Amino acid sequence: MGKKVYDVMLEPKRRNDDAIILEFKVFQPKKEKDLSDTVNTALKQIEDMNYEAALIAKGIPVERIRKYGFAFRGKEVLIGKMK
């Protein structure tokens, strides 16, 4: 099994725009209590895998990188943002 990579990364065309990292997770009832736990798992993965490193290497400032975790349970979706 290869290295886990981000689900979606949007790189800005202009230097003053934000970059965005999106991580998607499906709710796992045996592991998680609710969708907020799933969102936290997605956000933790972004940090643990250091997905922002590729953007930083391209000269994008850390403060311009937005990180979002998406949690899905059927048609229900919860989105969380890293602070």
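The values are calculated or read from the model by the stated rules, or taken from the named source; none is laboratory data. Just so we're clear, the structure is a prediction, and the values are computed from it rather than from any experiment. Cβ atoms come from the backbone with ideal geometry, glycine included; neighbour counts cover every protein chain shown. Heads up: the accessible areas ignore ligands, DNA and RNA and are worked out on the full protein's heavy atoms, side chains in. Shrake-Rupley method; radii C 1.70, N 1.55, O 1.52, S 1.80 Å.
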So which residues in the range 49-77 are of a type in the set (A, V, I, L, M) and crowded, with 18+ Cβ neighbours inside 10 Å, if there are any at all? Leu55, Ile60, Ile65, Ala71
Restricting the range 8-48 to residues that are charged (D, E, K, R) and open to solvent by less than 70 Å² (accessible area, probe 1.4 Å), which is nearest to the chain's Cα centre (by Cα)? Glu23
Taking strands (runs of 3 or more DSSP E) that do not extend beyond the range 1-79, which have at least 1 residues that are touching a helix residue (DSSP H, G or I) at 6+ places or on another chain (Cβ under 6 Å)? 19-26, 65-73
Name the residue that is nearest to Glu47 (Cα to Cα), counting only residues in the range 65-79 that are touching a residue at least 12 places away in the same chain (Cβ under 8 Å) and of a type in the set (Lys, Arg). Lys67
